[in-house]
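Enquirer: Pasting a structure here, questions to come.
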Amino acid sequence: MSKITSENNDEKVYFFDKPENVRLILRIFYSLCVLLLVLDFFVHRHIYVYFESVPTFYALYGFIACVVLVLIAKVMRKVLMRDEDYFSAATQTKTPENEESEH
């Protein structure tokens with residue numbers, strides 16, 4: 001990212017700090033999405049299974065895959081998440097006897 005120095009103070013202003021830059025990037029992104037959606041109706045693909053011939057199949061497939069990944073991550077979070085003070089509690093229970101090396 002490019003750094004832009006502000007005129008009135010010494011704080012560095014980054015590219016994405018300016019709302020007009022964010023708007024520009026989003027407009028480019030949305031334009032590319034629309035372009036790819038339109039091209040999907042004109043580009044010939046070599047399909048292997050019948051449902052690949054459905055227009056916007058790959059866009060729908062990608063969207064559904066992302067939604068499934070988020071739902072799986074929510075479930076995994078419940079299984080893998082530790083308490084907020086997990087590491088600090090572990091270091092507080094250590095005694096000098098436990099810190100001896102096992103080498």
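All of the numbers you see were taken from the coordinates with simple rules; none came from a lab. Being a predicted model, the structure only gives us computed values, none of them experimental. Because the Cβ atoms are built from the backbone with ideal geometry, glycine has one as well, and the counts that use them run over all protein chains shown.
Enquirer: What's the Kirkwood radius of segment 23-74 in Å, using all Cα pairs? Spell out each step's value before the answer.
Expert: Working: mean 1/r = 0.0772 Å⁻¹.
Evaluated over segment 23-74, this radius sits at 12.9 Å.
Enquirer: Taking the simple approach of a point 7 Å from Cα along Cα-to-Cβ for both residue 75 and residue 40, what is their distance in nm?
Expert: Distance between the two pseudo-spin positions: 2.7 nm.
Enquirer: Here's something else I'd like to know. Quick one: which residues, 5+ away or cross-chain, put their amide H under 5 Å from the amide H of residue 13? H built at 1.01 Å from N.
Expert: Long-range HN contacts for residue 13: 4, 5, 6.
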